[in-house]
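Structure, as structure tokens:
What follows draws every value from the coordinates through simple rules; no lab data is involved. If you're wondering where the values come from, they're calculated on a predicted model, not measured in any experiment. Counting neighbours? That spans all protein chains shown, and the Cβs are built from the backbone with ideal geometry, glycine included.
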Amino acid sequence: MKTEVDLLIRNGNDLRRNRTPPFFGDVALDGDLLAGVGAMVGVRGRTEIDASGLAIAPGFINMLSWANESLIHDGRSQSDIRQGVTLEVLGEGHSMGPWTEDLKQLQREQQGDIRYNIEWTTLGEYLDWLTRRGISPNIASFVGATTIREHVIGFDNRRATPDELERMCALARHAMQEGALGVSSALVYSPATYADTAELIALAKVAAECHGLYISHLRNEAEACSRRSTSS
């Protein structure tokens, strides 16, 4: 352990989930590294904070973030950063790519108070573009099954043809190769609700091939709950 670190937080209540019960101690940070946890005897920080009476916790993860536009407007992310959120996970059903030119135009027309130029096409290009602009939190994203469907089929209420499904899988695979966490769906909203089980399985298989995840907003849990209540 080094005797001098960049930041030393003393006397805090450590709330990491693998600590039961929590304990009071120090946390040492050096550069991007967690240099030590516990009684930091003989260690001093270039900056020191007395956290007596306060809690020390790792950064929180916003697992369902819609900061994809607000981060464009203000990359400081003050509303979440001040609540301890250090990772924004984007892309529930819809993602910021891959987009066709028609989808880009639709996105421009639907912009509200936050106005911005669309200088990307794929999801990976959006994440790189956003990072270059400068943002406070870490970001990650799923690729939206809805976005992929809109890219290939548009907004039609029908099944994907075999050729279209192959193209959709190729888009999902490319997004995974760009760093997407997996494929996400939000099946209660159109045109996502037009997707059948075979389509979702095909996209989920692509995510699995790339060691990614499939997550979903269910089609309509309210009606299912109502039916169960009536039958019980």
Item to check | Rounded to 5, percent antiparallel among DSSP beta bridges of the chain | outcome: 35
Item to check | Cβ-based exposure ranking for Y126, Y214, in which fewest neighbours within 10 Å come first | outcome: Y214, Y126
Item to check | Kirkwood-type radius of the chain, with distances r between different C-alpha atoms, in Å | outcome: 20.4
Checklist outcome for this item: Expressed to one decimal in nm², the mean projection of the alpha carbon convex hull of segment 100-158 is 5.0
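Counting Lys and Arg as +1 and Asp and Glu as -1, what is the net charge of the other residues whose Cβ lies under 15 Å from the Cβ of A180?
Working: positive: R173, K205; negative: E88, E92, E125, D128, E178, E209.
Value of the local net charge: -4.
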Checklist entry - Order of T47, T193 from fewest to most other C-beta atoms within 10 Å? => result T47, T193
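Multiply the residue gap between N138 and R219 by 0.36 nm, knock off their C-alpha separation, and tell me the result in nm, one decimal place.
26.2 nm
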Item to check | Contour excess over end-to-end distance, with Cα ends at A170 and M63 and 0.36 nm allotted per residue | outcome: 36.0 nm
Item to check | Isotropically averaged projected area of segment 97-210, using the convex hull of Cα atoms (one quarter of hull area), nm² | outcome: 7.6
Next on the checklist: What is the sum of charges, Lys and Arg at +1 and Asp and Glu at -1, for the other residues whose Cβ falls under 15 Å from the Cβ of E125?
Outcome noted: -1
Checklist outcome for this item: Karplus ³J(HN,Hα) for segment 103-120 (6.51 cos²θ - 1.76 cosθ + 1.60, θ = phi - 60°; Hz, whole; x = Gly/Pro) runs 5, 5, 5, 4, 5, 4, 5, 8, 5, x, 5, 8, 10, 7, 7, 9, 10, 9
Next on the checklist: Can you find, among M40, G53, A28, the residue sitting farthest towards the positive end of the charge dipole of segment 28-92, where Lys and Arg contribute +1 and Asp and Glu -1 at Cβ?
Outcome noted: M40
Item to check | Net charge dipole size for the chain [Lys, Arg +1 and Asp, Glu -1 on Cβ; Debye, nearest 20] | outcome: 600
Next on the checklist: Order these by the 10 Å Cβ neighbour count, fewest first: V37, V5.
Outcome noted: V37, V5
Checklist entry - Hey, what number do you get for the chain at 222 nm if only DSSP H runs of n ≥ 4 count, each worth -39500 (n - 2.57), divided across all residues, to the nearest 500? => result -10000 deg cm²/dmol
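Taking loop as defined by DSSP and a crowding limit of 16 other beta carbons within 10 Å, which chymotrypsin sites (Phe, Trp or Tyr not before Pro) in segment 17-95 fit? Before the final figure, lay out each step's value.
Details: sites: F23, F24, F60, W66; in loops: W66.
Counting only loop positions with at most 16 other Cβ atoms within 10 Å, the chymotrypsin sites (Phe, Trp or Tyr not before Pro) in segment 17-95 are W66.
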Checklist outcome for this item: On the formula 1/(1 + (r/R0)^6), with r taken between the Cβ atoms of S190 and N11 and R0 of 45 Å, the FRET efficiency rounded to 0.05 is 0.25
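Whats the longest run of the chain with zero trypsin sites (Lys or Arg not before Pro) that are DSSP loop and have at most 14 other Cβ atoms within 10 Å?
On the way: sites that count: K2, R16, R17, R19, R76, R82, R115, R158, R159.
Formally, the longest exposed-site-free interval is 160-232.
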Item to check | Other-chain or far-sequence residues with amide H under 5 Å of S185's (modelled H) | outcome: G93, A145, I215, S216, H217
Item to check | Relative contact order [Cα under 8 Å, 6+ residues apart], the chain, whole percent | outcome: 15
